[in-house]
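Chemist: Handing you a structure now.
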Amino acid sequence: MMSGFTIVIVFAAVVGLSIGCYLFSPKGDNQTVWRFTSILTLVSMYLMWMITYLAQLHPLVAPRKANESYGKSAF
Amino acid sequence: MPYTTLFRSEEVAAIQLYFPAEVARSTVSALGEIGCVQFRDLNADTSAFQRAFVKDVRRVEEIERQLRFFGKQIEQAQIPFKGIDYDSLSAQAPSIAEIDELADRARHYEARLNSLNESHETLQKRFVELIELRYVLRETDTFFHQAHAQSGEIRQSVDSDDGSNLLDSNADVEHSAAASRFPDSGSLAVMNIGFVAGVVPRARMAAMERILWRILRGNLYMNQVAIDEAINDPITNEPVDKNIFIIFAHGREILSKVRKISESLGATLYAVDEDSRQRQTQLAEVNSRIGDIMSVLHNTRQTAHSELSYLAQNLQAWMVSVRKERAIFQTMNLFSYDEHQHCLIAEGWCPRLDLDKVHRTLRDAAIHSNSSQSSIMNEIGTLKDPPTFNRTNKFTQAFQSIMDAYGIATYREVNPGLVAIVTFPFLFAIMFGDLGHGFFLFLAALYLVLNEKQLKRAKYGEIFDMAFYGRYIMLLMGIYSMYTGLIYNDIFSKSMNLFGSRWTFPEGSDAETLSGVQIGTYPIGLDPAWEEADNGLLFTNSLKMKLSVVIGVIHMTFSLCLSLVNYRFFRSRLDIVANFIPGMLFLCSIFVYLIVCILYKWSVDWSMTDAQPPSLLNMLIYMFLSPGTVDEPLYAGQAQIQIVLLLIALVCVPWMLLMKPLVLRREANKARAAGYEGIAVAEQHGRISTSANDHEEEGVGAIIAEEIHGEEDFDFGETMIHQIIHTIEFCLNCVSHTASYLRLWALSLAHNQLSKVLWDMTLSNAFGMSGAVGVIVLFMAFAMWLILTISVLVVMEGTSAMLHSLRLHWVEAASKHFQATGHAFTPFTFSAVIDDL
């Protein structure tokens, strides 16, 4: 059952992945580029997912649609 | 320090190079090949004509002009160029002997081509005249037959013979000569009728007739016939329609008038004999001469063609050599010449990591030219600002250039281009978020990236060049757009149900509208139930607006932290305490507080509490308007905490405004009291270093005598104004830029709605039809849908989102940390020469 804790768990996972990317990015002239790109990507993706998830945890409005079987009586 | 980093620009050292005169040229060309050194202009106060190597530059430019002339001739003759083999371009620049040989050859070929072209023109003119003469000879046959037939009707001249003697005696001669030739039919000469035959352009025909009629008062007989085929005018090479005419008139004066008038109207006159036998011989002669000229023309063309083909083989390579040579001499013009040691002295900049490469190049160049002396490189100290150099590769180059377009970073400040590699495409993706459209973008970019070797040299126009230059940006934009499309749950305006919707609607209800009941949370992205909901936009707008504000404030906070990195690197503790800390506190106490509230409000289950979920917008407004009273608290103790935050923000404003100028003034006063003057920063044009032999020269005096700019004393007024502007800008921009990030919501809403409308108007209608009509309509509707998707939704919306993302980087992010007072590192390199072809 999804709850608020999912966010914390995923956050921990992202932190772990970022540390991994920091340590294991290919050495050479482009190490900074690899590090920045991978960590920033992970952070941005997490932020976007987290905000969407958090907004749907306890939404203040529920989806409302027209009743298709309105006016049709059941046999 | 073996590795470079894109995080800040590289260290650039000021160097001084001594080139012995005989190896100077080849060393400079070797330096041009490696492209690591930027040379300063040491002769800035001399004009272009007074520089040392002006003659060489002129000579090389002359050769270039001749090569360009060849190029145009080759293009006119439509001979294909042999392209340059880029991989095998020689690393060594051409030697002096090669350039001399090239100059000779260019001169020789230019003379040849010019003479060939001239003779071709003359021959062409002759050819056209002969063709016209042939026509005239043919057509005047008919005229003469007609005229002779009618000559019997023409009355004899009744003028007595005791008119002018001169005329008569000549006429007698003609009469007798003509009479002998035309024993039976009356000759025209007998009747003193002369003729003028020629060719005139058809357009002038009517004008000529009118003018002649008027001037000669009708005393002429004119006959004309049109030439069927158009004749090429030799000068303009355009076909002109012409007519043949023959004019019969009495008397010599009239005939000379006729000749003058027709020549003035652009007619060409030809001498045609009256006697038909003579005409036949003339015709035969003309035909043979036409044949001769045609063969000569053909030969000339062949020769020219073969010479041009030979030139076309080598032209590109020669052009590259010549351009390199010119670049070398133009660079050498920047050096200063030391007469005592017969060497050229150059000053410039070189990245510290490339100093070894330059050393090696200097040594190798000396070895190659078999010289005993090699060039020397020294590092010198300088007060000037070094140029900013970021070592980019094909991936990072485009991202770096979009940030460089705003401004070149100050020497060694944090490079925003590195951060832009992710933030630019990601902010684009937030505005573009559609899995399907992102996939199209990704495919297009993938094609460009996988085929970059072939496409690099193709010339498809400027727009394609721009798209190709940004192929890696497009690739990342496409990938991130696919991710945000997944989160927005939007693929071509439809939602996917990957994990099962977490909203159930009650079955068997009699109500008019159904409301969903929540069971859990959709794991990744937006729940698909919102797509068909009537109030879907209500929820998604709220989500996207808050998403924009949260991402915006985080982006701005991140940029502000980059300014801290800058202050620590440049060791200015005052800036940290006086600029960074109050700025950060101001931003955090208001806007980070706002996003914390947003996140907190989302995490509370309001259905479990009795309280009404408060409006965050009102909360923020009333936090300022009526501090201390909170109508609908979001959390316990809110009023007190908000007062504290407000006080912190209020304190930050005068803190940021006053601390730095006052501290600087106190330090300046202390320094002045201790007796130190400010350091003058000299603006120097010539060499900033001197050598031991320079005593006699003006070198030493020049540095002192040149203009000295710079602030000697600390100007409190200016500093204060600067700080006032900074404070006002910072505080107002916090509010305005936070609101500006709402464009992330606005564009993504527009994109979503536009693609929904497109779907509803085309495919949705088509799916509603059935039968054969439905099939045809579906086919056409899909075509329209696809074309509009690609052109409007991907290309147009993509460009728009790209511009907005760029604006967010240039204004909102850069204003927090980017100083941008640097100048770019422009090394002397031949790569521009090659790309220019």
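The values are calculated or read from the model by the stated rules, or taken from the named source; none is laboratory data. As the structure is a prediction and not an experimental result, all values here were calculated from the model. Neighbour counts are summed over all protein chains in view; Cβ atoms, including those assigned to glycine, are modelled from backbone coordinates with ideal geometry.
Chemist: Give me the pairs, please: first residue somewhere in the range B:497-508 and more than 10 Å from chain A (Cβ to nearest Cβ) and over 14 Å from B:G520 (Cα atoms), second residue anywhere and crowded, with 18+ Cβ neighbours inside 10 Å and not β-branched (V, I, T), beta-carbon distance under 7 Å, and either six or more positions apart or on two chains.
Modeler: From residues that are more than 10 Å from chain A (Cβ to nearest Cβ) and over 14 Å from B:G520 (Cα atoms), the pairs are B:N497/B:P528.
Chemist: Across the range B:525-545, what is the total count of residues that are within 43 Å of the chain's Cα centre (by Cα) and at the interface with chain A (Cβ under 7 Å from one of its Cβ atoms)?
Modeler: Total satisfying the criteria: 3.
Chemist: Follow-up. So, B:Q612, is that one under 25 Å from A:I51 (Cβ atoms) and surrounded by fewer than 16 Cβ atoms within 10 Å (Cβ to Cβ) or not? Before the answer, list the steps.
Modeler: On the way: under 25 Å from A:I51 (Cβ atoms): yes; surrounded by fewer than 16 Cβ atoms within 10 Å (Cβ to Cβ): yes.
Considered against the rule, which asks whether it is under 25 Å from A:I51 (Cβ atoms) and surrounded by fewer than 16 Cβ atoms within 10 Å (Cβ to Cβ), B:Q612 comes out as yes.
Chemist: Does the range B:194-208 contain at least one residue that is touching a residue at least 12 places away in the same chain (Cβ under 8 Å), under 19 Å from B:A147 (Cβ atoms), within 60 Å of the chain's Cα centre (by Cα) and outside any strand (DSSP E or B)?
Modeler: No, the conditions are met nowhere in the range B:194-208.
Chemist: With under 29 Å from A:W49 (Cβ atoms), surrounded by fewer than 18 Cβ atoms within 10 Å (Cβ to Cβ) and out of contact with any Gly (no Cβ under 6 Å at 6 or more places or on another chain) as the only criterion, which of B:M496, B:M466 stands out? Explain how you work it out, then say what you get.
Modeler: Values: B:M466 fails: under 29 Å from A:W49 (Cβ atoms).
Result of the check over B:M496, B:M466: B:M496.
Chemist: Among the residues of the range B:663-690 satisfying the criterion of being surrounded by 15 or more Cβ atoms within 10 Å (Cβ to Cβ) and outside any loop (DSSP other than H, G, I, E, B), which is modelled with the lowest pLDDT? Full working, then the answer.
Modeler: First pass over the range B:663-690, keeping only residues surrounded by 15 or more Cβ atoms within 10 Å (Cβ to Cβ): B:664-665, B:668, B:682, B:684-689.
Subsequent filtering for residues that are outside any loop (DSSP other than H, G, I, E, B) retains B:664-665, B:668, B:682.
Working: B:L664: 93, B:R665: 92, B:A668: 90, B:A682: 45.
Taking the candidates together, the pick is B:A682.
Chemist: For the range A:24-37, which positions are within 9 Å of chain B (Cβ to nearest Cβ) and in a helix (DSSP H, G or I)? Break it down into steps so the answer makes sense when it comes.
Modeler: Keep residues of the range A:24-37 that are within 9 Å of chain B (Cβ to nearest Cβ), which gives A:27-33, A:36-37.
A:Q31, A:T32, A:V33, A:F36, A:T37 - these are the residues of the range A:24-37 that are within 9 Å of chain B (Cβ to nearest Cβ) and in a helix (DSSP H, G or I).
Chemist: With the requirement that a residue be part of a loop (DSSP other than H, G, I, E, B) and surrounded by 14 or more Cβ atoms within 10 Å (Cβ to Cβ), what does the range B:32-45 give you?
Modeler: Residues of the range B:32-45 that are part of a loop (DSSP other than H, G, I, E, B), as a first pass: B:35-37, B:40-45.
B:G35, B:C36, B:V37, B:R40, B:D41, B:L42, B:N43, listed by residue number.
Chemist: Looking at (1) at pLDDT 85 or above; (2) surrounded by 15 or more Cβ atoms within 10 Å (Cβ to Cβ); (3) in a helix (DSSP H, G or I), which one does B:L334 not meet, given that it meets all the others?
Modeler: (3)
Chemist: Would you call B:I595 in a helix (DSSP H, G or I), within 14 Å of chain A (Cβ to nearest Cβ) and over 41 Å from the mean Cα position of the chain (by Cα)?
Modeler: Details: in a helix (DSSP H, G or I): yes; within 14 Å of chain A (Cβ to nearest Cβ): yes; over 41 Å from the mean Cα position of the chain (by Cα): yes.
So B:I595 passes the test.
Chemist: Please verify whether the range B:725-743 includes one or more residues that are hydrophobic (A, V, I, L, M, F, W, C), within 13 Å of B:G433 (Cβ to Cβ) and either surrounded by fewer than 17 Cβ atoms within 10 Å (Cβ to Cβ) or modelled with pLDDT of 95 or more (or both). Full working, then the answer.
Modeler: If we filter the range B:725-743 for residues that are hydrophobic (A, V, I, L, M, F, W, C), which is where we start, we get B:725, B:728, B:730-732, B:734-735, B:739, B:742.
Restricting the remaining residues to those that are within 13 Å of B:G433 (Cβ to Cβ) gives none.
For the range B:725-743, residues hydrophobic (A, V, I, L, M, F, W, C), within 13 Å of B:G433 (Cβ to Cβ) and either surrounded by fewer than 17 Cβ atoms within 10 Å (Cβ to Cβ) or modelled with pLDDT of 95 or more (or both): absent.
Chemist: Also, I was wondering about something else. Go through B:D510, B:D575, B:D605, B:D527 for me and flag whichever is within 30 Å of B:D385 (Cα to Cα) and among the acidic types (D, E).
Modeler: Numbers: B:D510 fails: within 30 Å of B:D385 (Cα to Cα); B:D605 fails: within 30 Å of B:D385 (Cα to Cα); B:D527 fails: within 30 Å of B:D385 (Cα to Cα).
None of the other options fit; the residue is B:D575.
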